[in-house]
Amino acid sequence: MGTAKKELLKQGFIYYILTTLSVGIQFVLYLVNSPQIDNMDFAGMVYYVAAAISHAALFALIPFLALFLPVAIITGKEKIANTLHIIGSCLLNIVVCINAYVYALYKFHINGIVLSLFFGEGGSEIISFDTAVYVKSAGIILLFIVGNLLLRLLATFLSKKLKRIYLPSIITLVVLLAFSNLFHAYAAVAQKQSVIRSSPLLPYYFPLTANRLMIKLGVISPDDLVKADFGSQKAEGITYPLKPIECDSVGLKNIVVIAIDSWNYRAYTPEVMPRITAFAEKNASTFTNHLSSSNGTRGSIFGLFFSTSSYYWNDFDVLGVSPVIIDELLAKGYNIKTFPSATLHNPNFAKLIFYKVKGIQANTAGESTYDRDVQLTKDFVNFLENDSCKQPFFSFLFYDLTHSQEYPRHLAKKFTPSWEYPDYMQLNNDMDPTPFWNLYLNCASAVDSLIGMVTDKLVEKGLLENTIIVITGDHGQEFNENHKNYWGHGSNYTYPQIHVPFIYYEPGKEKKTYTHRTTHYDVAPTLLHEAMGVRNNPSEYSMGSYLTDTTFRNWHIVGDNLNYAFIVEDNVIIEKKPSGSLDIFDAQLNLKEDYKPNAKQMNEAIKKLNMFYTK
């Protein structure tokens, strides 16, 4: 390699380092200009600066590797390589600057949703700028152009002064990257607020978390993940609920919430689940168009209790925000009991949802999933026998057999032919799903028998006179219904993965079949109002409505902060991918390339999504 080319590469590398610093400084300004700066301590600042610089280095690699390096190595043409590098780095700085304004406004970084707001149908109705804004923007762009030209000149100057640049720079960036990720892994389990709450300020930054490893190494114990002291932490930036909860004086009703993990709505038939369907037919209302708050357990149970999207998971977790329904249950002296088959430590609902409840049961004994499902049923029946009459109670039963699909070999199979176990290696788009589906139906039938014991005991004890009962799924379970080779859950937001059965019993209420769209966000408001006399409008603490409110739930939000979607008319799915891109599908997961979201409606949906963030 010639001397001229080596010098060009050296100058380009130094300019890459300078670009890293300029972007890193902007990232630090993200923190300085945010409310989070008031929560920072020394360790948090050291972490954030390290994270900002190492993350900026990854962004700065884009123009360096894509524009400068190929031209410099292949052609050696200095002017072309430098011009492309300057243009790319300048655009990077401008985008990073614009992103700061986007995040301040919407609480998320530039993504397909933002682009659709600006360029989609009706965008001009919600986004209009004064002439002064255009002048200011032009000035900022000019400043970045001049700044990057000066940085390139500085790179030329430094290349003559610095003999060693490659190894020290690379080692420094690697150390910063390793330190920021390892420190974040520790902070995630230690609940260090300055670290966890500052990380989302960096666009598309996904630092390391290693809770299981930290537990294995003895850094923290599973019990410590539940025990959290939030006394010194203020919920700055979050207002949940929006107004103090007010209640009328009413006779308190018991509440039993039964959730079936991964409940496919097609399994809810008298043939498969005769006990639940018979109970519903005789006593309860059925909601046939009920949508979960996510396609996975984490976001679904979060939405069920908090009545808001798990978009808020990280903030609520760090700040110790408790669900309104749990706070009100405790305030009114309810005996709160959980009966989970799978552990409540992963996802950590024991801490996030129930940390205020003393003596919460996070695990159930049993060698297999079925054993645990049986045991939790026995535990609840024993609870009714011994404790239920002493005070009003709230019970949460969470069955798991339909999720694991580990059907016990000693039980007869009602549906055949059936697989013995889920053989995921066989799954493909052309296979006959019947044996796999029958395995699932057998599991659903077994869970139905156990839930039948629960409802029978409630009837036997005369508790239907004063107990509200909810039976639903956390989310759905797909069996290639859309013929796109999707099996299970957590992979898309079509009906098989977010539509779940919903049965609601309330004493004294006429049983009906409701066909309007309802959601998991409607459950807590309904229970708070009906069982405890809460008179606040649901919009003051919830993204939902009352279950019987037939107002169309348009722009229903599902998912979490990384990957979420809006479900709109005709079950069209407007999905924001983790990469930031925006994809739009019909109800069968076919791309709708000609669909243009209404920007005005989208803007209102985003406002609702951000409703609990303090302005």
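So the values come out like this:
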| read-out | value |
| --- | --- |
| Hits in the stretch 17-42 - residues which are open to solvent by less than 30 Å² (accessible area, probe 1.4 Å) and in contact with a Lys or Arg (Cβ under 9 Å, 6 or more places away or on another chain) | Leu18, Gln36 |
| In the stretch 71-89, the residues that are more than 21 Å from Ser169 (Cβ to Cβ) and open to solvent by less than 50 Å² (accessible area, probe 1.4 Å) | Val71, Gly76 |
| Filtered residues of the stretch 513-542 (kept if among the aliphatic types (A, V, I, L, M) and in contact with a strand residue (DSSP E or B) (Cβ under 7 Å, 6 or more places away or on another chain)) | Val523, Leu527, Leu528, Ala531, Met532, Val534 |
| Matching residues in the stretch 589-612 - criterion: being surrounded by 14 or more Cβ atoms within 10 Å (Cβ to Cβ), hydrophobic (A, V, I, L, M, F, W, C) and not in a helix (DSSP H, G or I) | Leu589, Met611, Phe612 |
| Single residue of the stretch 192-225 satisfying the filter (within 20 Å of Leu562 (Cα to Cα), open to solvent by 20 Å² or more (accessible area, probe 1.4 Å) and out of contact with any helix residue (DSSP H, G or I) (no Cβ under 6 Å at 6 or more places or on another chain)) that is modelled with the lowest pLDDT | Pro200 |
| Check on Thr377, part of a loop (DSSP other than H, G, I, E, B), surrounded by 22 or more Cβ atoms within 10 Å (Cβ to Cβ) and modelled with pLDDT of 95 or more | no |
| Contacts under 7 angstrom Cβ, first residue in the stretch 373-385 being under 15 Å from Asp448 (Cα atoms), partner open to solvent by less than 60 Å² (accessible area, probe 1.4 Å) and in a helix (DSSP H, G or I), 6 or more apart | Asp373/Leu401; Asp373/Val447; Asp373/Leu450; Val374/Leu450; Thr377/Leu450; Thr377/Val454 |
| Residues located in the stretch 284-341, provided they are within 28 Å of Ile573 (Cβ to Cβ), part of a loop (DSSP other than H, G, I, E, B) and under 20 Å from the mean Cα position of the chain (by Cα) | Ser292, Ser293, Ser294, Asn295, Gly296, Ser307, Thr308, Ser309, Tyr311, Tyr312, Pro323 |
| The lone exception for Val321 - which of (1) closer than 27 Å to Tyr205 by Cα; (2) free of Cβ contacts under 8 Å to residues at least 60 places away in the same chain it fails | (2) |
| Members of the stretch 559-581 that are open to solvent by 20 Å² or more (accessible area, probe 1.4 Å), closer than 17 Å to Tyr311 by Cα and not in a loop (DSSP other than H, G, I, E, B) | Asp560 |
| Filter result for the condition that a residue is in a strand (DSSP E or B) and either modelled with pLDDT of 95 or more or open to solvent by 20 Å² or more (accessible area, probe 1.4 Å) (or both), over Ala259, Ala280 | Ala259 |
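The values are calculated or read from the model by the stated rules, or taken from the named source; none is laboratory data. Since the model is a prediction, treat every value here as computed from it, not as a measurement. Cβ: placed from backbone, ideal geometry, glycine included. Neighbour counts: every protein chain shown. We work out accessible area using only protein heavy atoms, side chains counted, and drop any ligands, DNA or RNA first. Shrake-Rupley method; radii C 1.70, N 1.55, O 1.52, S 1.80 Å.
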